[in-house]
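S.K.: To start, I am sharing the structure in question, which I have written as structure tokens.
The values are calculated or read from the model by the stated rules, or taken from the named source; none is laboratory data. Since the model is a prediction, treat every value here as computed from it, not as a measurement. With ideal geometry, Cβ positions are generated from the backbone for all residues, glycine too; neighbour counts draw on all protein chains shown.
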Ligand code: ADP
Ligand code: MG
């Protein structure tokens with residue numbers, strides 16, 4: 001028998017809802033190239049809620065524009081629910097934007113049509129998708145109720161506050177049961193109390209309707225409320241904070257936040273600036289593989305070879321008389337106030353350990369919200385996931401001549 005040495009190739013993010021693989025977006029402004037995305041990797045699971053944070057200009061909006069089908073990346077791969085965002089026809093792009101994803105923008109005025117009332121705004125995307133008027137009206141009312149806007153269904157955007165407009169905008173974005181809701185700084189123009197209401201509406205969309213939510217936010221209190229916060233720096237994902245809940249022995253639920261550096265597919269990672277500063281790491285570092293972690297030392301740190309397990313340590317007579325002081329750096333900051341890991345070696349260094357598995361969206365799900373029942377209403381066959389796209393991705397076999405109704409939402 002011939003033995004094969006090649007491992008089976010598993011596609012990167014094969015099971016994920018959103019896959020960005022080495023995504024690049026270069027803008028050409030006159031003769032200058034702006035690299036807005038510089039090889040960004042990101043996976044989002046179905047039903048997950050993820051916050052994206054990062055300084056202004058780091059590429060957050062570019063990423064959301066690509067994922068929502070408004071912009072086409074320069075290179076790399078981007079797939080959402082099986083749709084290949086680099087190879088979509090114009091007609092597919094329209095279908096994708098209408099039925100697979102929903103979006104909410106920061107500028108309240110960009111989300112709603114000013115001459116339609118709240119209910120008509122929510123009904124409009126359903127009309128584009130060819131849904132009958134009775135169903136449209138019923139679902140619009142349910143969505144507005146769920147966003148706590150049912151009592152203002154007859155008001156036009158101009159008669160609503162900023163926060164109320166954003167809640168209607170979320171209902172509009174959810175009208176065609178998207179699998180993902182993208183929101184680019186949806187609370188950016190609102191005061192914090194109003195912003196909280198809008199954020200709660202996004203959480204309801206995730207928790208009760210099962211839509212994955214990817215929300216760009218500046219607000220650290222907001223990003224502190226989601227399972228996973230992904231930080232983008234210079235057009236790449238640089239770190240993630242994962243939050244999980246734990247019940248203590250006393251029966252108290254506590255949230256544990258752990259920060260991880262993102263390792264890209266080539267094995268690259270970014271060391272946080274404060275760590276580099278604390279240990280004076282620059283240009284190159286020395287790595288050492290330990291059984292369960294990797295140690296990182298600044299270049300020039302004296303290397304102490306580990307004694308062979310069977311060797312009997314021989315005290316150095318000079319050192320024994322004058323032991324060198326042990327220098328430890330201040331502990332790097334931790335996100336949850338827990339004590340930093342003690343350094344295992346005498347020399348100041350960092351050590352890295354692999355992250356445990358991410359919590360599944362189901363573990364985070366909870367029931368009891370007004371929207372909870374809506375996911376299984378009449379249109380969906382019994383037991384079917386209402387978030388399964390009505391239109392399969394073009395990569396799957398799709399009947400020819402899918403109608404293209406024209407006109408953007
Ligand atoms: P963020 O949303 O994180 O503030 P953006 O994605 O808007 O960042 O921008 C990332 C970078 O790309 C910035 O340097 C920005 O100036 C540039 N950029 C964004 N959109 C365009 C565009 N349409 N043309 C040229 N440069 C752009
Ligand atoms: Mg932006």
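S.K.: Exactly one of these conditions fails for residue 50: (1) away from ligand 1 (no atom under 16 Å from the Cβ); (2) touching a residue at least 40 places away in the same chain (Cβ under 8 Å); (3) out of contact with any helix residue (DSSP H, G or I) (no Cβ under 8 Å at 6 or more places or on another chain). Give me its number.
M.R.: Here residue 50 meets the rest and fails (1).
S.K.: Are there any helices (runs of 4 or more DSSP H) wholly within segment 187-301 with 3 or more residues that are within 30 Å of residue 77 (Cβ to Cβ), and if so which?
M.R.: 192-209
S.K.: Do the conditions hold for residue 141, that is, is it part of a loop (DSSP other than H, G, I, E, B), out of contact with any strand residue (DSSP E or B) (no Cβ under 9 Å at 6 or more places or on another chain) and touching a residue at least 12 places away in the same chain (Cβ under 8 Å)?
M.R.: Criteria not met by residue 141.
S.K.: Turning to a different aspect of this structure: Which numbered condition trips up residue 64, out of (1) within 16 Å of ligand 1 (Cβ to nearest atom); (2) assigned to a loop (DSSP other than H, G, I, E, B); (3) touching a residue at least 60 places away in the same chain (Cβ under 8 Å)?
M.R.: It fails just one condition, (2).
S.K.: Since residue 70 meets every condition but one in (1) at positive phi; (2) within 15 Å of ligand 1 (Cβ to nearest atom), which condition does it not meet?
M.R.: Status for residue 70: all satisfied but (1).
Okay, residues lined up against (1) at pLDDT 80 or above; (2) exposed (fewer than 11 other Cβ atoms within 10 Å of the Cβ):
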| site | (1), (2) |
| --- | --- |
| 274 | yes, no |
| 285 | yes, no |
| 295 | yes, no |
| 323 | no, yes |
| 336 | no, no |
| 340 | no, no |
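S.K.: What number of residues in segment 223-241 are more than 16 Å from ligand 1 (Cβ to nearest atom) and buried (at least 20 other Cβ atoms within 10 Å of the Cβ)?
M.R.: 4
S.K.: Taking segment 13-40, which residues are crowded, with 21+ Cβ neighbours inside 10 Å and either more than 16 Å from ligand 2 (Cβ to nearest atom) or under 16 Å from residue 264 (Cα atoms) (or both)?
M.R.: Listed by number, the residues that qualify are 17, 18, 19, 20, 23, 37, 40.
S.K.: Please work out if residue 146 is surrounded by 19 or more Cβ atoms within 10 Å (Cβ to Cβ), touching a helix residue (DSSP H, G or I) at 6+ places or on another chain (Cβ under 7 Å) and in contact (Cβ under 8 Å) with a residue 60 or more places away in the chain.
M.R.: yes
S.K.: Confirm whether residue 222 is within 16 Å of ligand 2 (Cβ to nearest atom), within 22 Å of residue 168 (Cβ to Cβ) and in contact with a helix residue (DSSP H, G or I) (Cβ under 7 Å, 6 or more places away or on another chain).
M.R.: yes
S.K.: Which number in (1) free of Cβ contacts under 8 Å to residues at least 40 places away in the same chain; (2) away from ligand 2 (no atom under 16 Å from the Cβ) marks the one condition that residue 74 misses?
M.R.: (1)
S.K.: When only residues in segment 154-186 that are in a loop (DSSP other than H, G, I, E, B) and without any contact (Cβ under 8 Å) to a residue 40 or more places away in the chain count, which is farthest from residue 111 (Cα to Cα)?
M.R.: That would be 154.
S.K.: Any idea which of 104, 122, 66, 80 is crowded, with 21+ Cβ neighbours inside 10 Å, closer than 20 Å to residue 181 by Cβ, within 19 Å of the chain's Cα centre (by Cα) and more than 16 Å from ligand 2 (Cβ to nearest atom)?
M.R.: 80
S.K.: Sort out which residues of segment 175-208 are buried (at least 24 other Cβ atoms within 10 Å of the Cβ), within 16 Å of ligand 1 (Cβ to nearest atom) and within 28 Å of residue 127 (Cβ to Cβ), and write them in order of number.
M.R.: 182, 183, 186
S.K.: Take the conditions on the phi > 0 side of the Ramachandran plot and out of contact with any helix residue (DSSP H, G or I) (no Cβ under 9 Å at 6 or more places or on another chain) and apply them to residue 76. Does it pass?
M.R.: Spelling it out, residue 76 is indeed on the phi > 0 side of the Ramachandran plot and out of contact with any helix residue (DSSP H, G or I) (no Cβ under 9 Å at 6 or more places or on another chain).
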